[in-house]
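Values in this text are rule-based calculations from the coordinates and carry no lab data. All values derive from a computational prediction rather than experimental measurement. When we count neighbours, we look across all protein chains shown, and the Cβ atoms used for this are built from the backbone with ideal geometry, even at glycine.
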Amino acid sequence: MGNDAGSPQGPVTCGSWIRRPENLNLVVLGRSRRGNSCPSLLEIFSFDPKTTSLSTSPLTTYVLEAEEGDPVAIAVHPSGDDFVCALSNGSCKLFELYGRETNMKLLAKELAPLQGIGPQKCIAFSVDGSKFAAGGLDGHLRIMEWPSMRVILDEPRAHKSVRDMDFSLDSEFLASTSTDGSARIWKIEDGVPLATLSRNSDEKIELCRFSKDGTKPFLFCSVQKAGDTSVTAVYEISTWNKIGHKRLIRKSASVMSISHDGKYLSLGSKDGDICVVEVKKMQIYHYSKRLHLGTNIAYLEFCPGERVVLTTSVEWGALVTKLTVPKDWKEWQIYLVLLGLFLASAVAFYIFFENSDSFWNFPMGKDQPARPRFKPVLKDPQSYDDQNIWGPVDM
């Protein structure tokens, strides 16, 4: 979905994947207004995993009113049934998705607590969908329960201006970064700041993502150093101390994302590159140079069910890219391997039983004959009684 200068639509400003309950992957894109004839839009596209492409025409389109402004950011609920869109007029709106792929509709609803709160830089749902957070350009941070919208945290001076934020896997913490280079950790249930991440005087913490693989939790941060050098730092969440860092991308990072299973971490640069690293070894598995040639990548997200990423930029629009990473084991392949191991164990057991003198490997008596290799399946009951190996037994 490119942004051709001759296109009747405005440039792409934001986007996100939508994982529908029927295991269907969709993409929602927000477009800004272009002149008086092209209004601001929200469009839903289908995704074809076989061709790694979006549909040529949207499944449904929602036209925003002029007074609502342009789409700025989108946060999709984990259920895939609805999403929140932050608008440039300083409000957030809820959109519910109805129907199947062939007959899809968007229903807009107002969110009273998020009306007139000012432009929002970041909005996000927690992994379990029970919390919603919004970080404003004015530095105001809000965390609410979903869908009740009960306020958990309302901090007007959380930052100078919110740059990025992310929920932890267990929804216990929220990490947020500021345009001044600082980063804070918030304890969600208590609604209070818990820690401020340490940094050197020449460092600015810009982006943040929690690990999502369910093992020992970490916080990954993109740190900008002096001399246009960007490194990815790792913080341990029990102490919030930095335990290491590594340079993964050539230029400054503009966006960071982590896959839904937590296996891969991705960075998008300000000159259009993306790199994907395997979290356990922090090794680069995929690197695309000039994917968005000479342009700041504004949005980057992993597809929920495929090793594919969605990226957007104002100049080049939305692109989907298949990653050159090792293929994952399918569920049926795992069951097939388990069945093969079971059958191999059964064969080994049978061979061992048939070729051993005693199943329990007890030592044979001096005059005791070895067990015959094959026993008849059916025996004469009379002959069996006559051959009582134990002899008479006194009761």
Percent RCO, i.e. relative contact order, over region 221-340, from Cα pairs under 8 Å lying at least 6 residues apart
15 percent
Would you mind getting me the FRET efficiency between residue 290 and residue 161? Use the beta-carbon distance for r and R0 = 30 Å, nearest 0.05.
0.55
Extension gain, residue 22 back to residue 283 (0.36 nm per residue minus Cα-Cα distance, nm):
90.6 nm
Between residue 37 and residue 50, 0.36 nm times their residue separation minus their Cα-Cα distance comes to what?
1.1 nm
Per the C-alpha gyration tensor (a ≥ b ≥ c, the square roots of its eigenvalues), region 221-340 is rounded if a/c is under 1.5, else prolate if a/b beats b/c, else oblate; here it's oblate
Looking only at lysines whose Cα falls under 16 Å of residue 225's and that sit 8 or more positions away or on another chain, we get 204, 242, 246, 251, 270
One finds, for residue 213 and residue 65 with R0 = 35 angstrom and r their Cβ-Cβ distance, a FRET efficiency to the nearest 0.05 of 0.25
Using 1/(1 + (r/R0)^6) with R0 = 30 angstrom and r between the beta carbons of residue 98 and residue 261, what's the FRET efficiency to the nearest 0.05?
0.55
In what sequence, highest mean first, do 239-245, 56-62 appear when ranked by Cβ atoms within 10 angstrom?
56-62, 239-245
Degrees between helix 331-355 axis and first principal axis of the chain (Cα, 0 to 90, nearest 10):
10 degrees
Hey, which lysines would be in cross-link range of residue 105, C-alpha to C-alpha under 26 Å, not counting anything within fewer than 8 residues on its own chain?
50, 93, 131
Under the 7 Å Cα-to-Cβ spin-label approximation, residue 225 and residue 344 lie apart by a distance in nanometres of 4.7 nm
Where only alpha carbons of the chain are counted, the Rg and the Dmax (Å)
29.9, 110
Can you give the extra length, in nm with one decimal, that the chain gains between residue 246 and residue 110 once fully stretched, where that is 0.36 nm per residue apart less the Cα-Cα distance?
44.6 nm
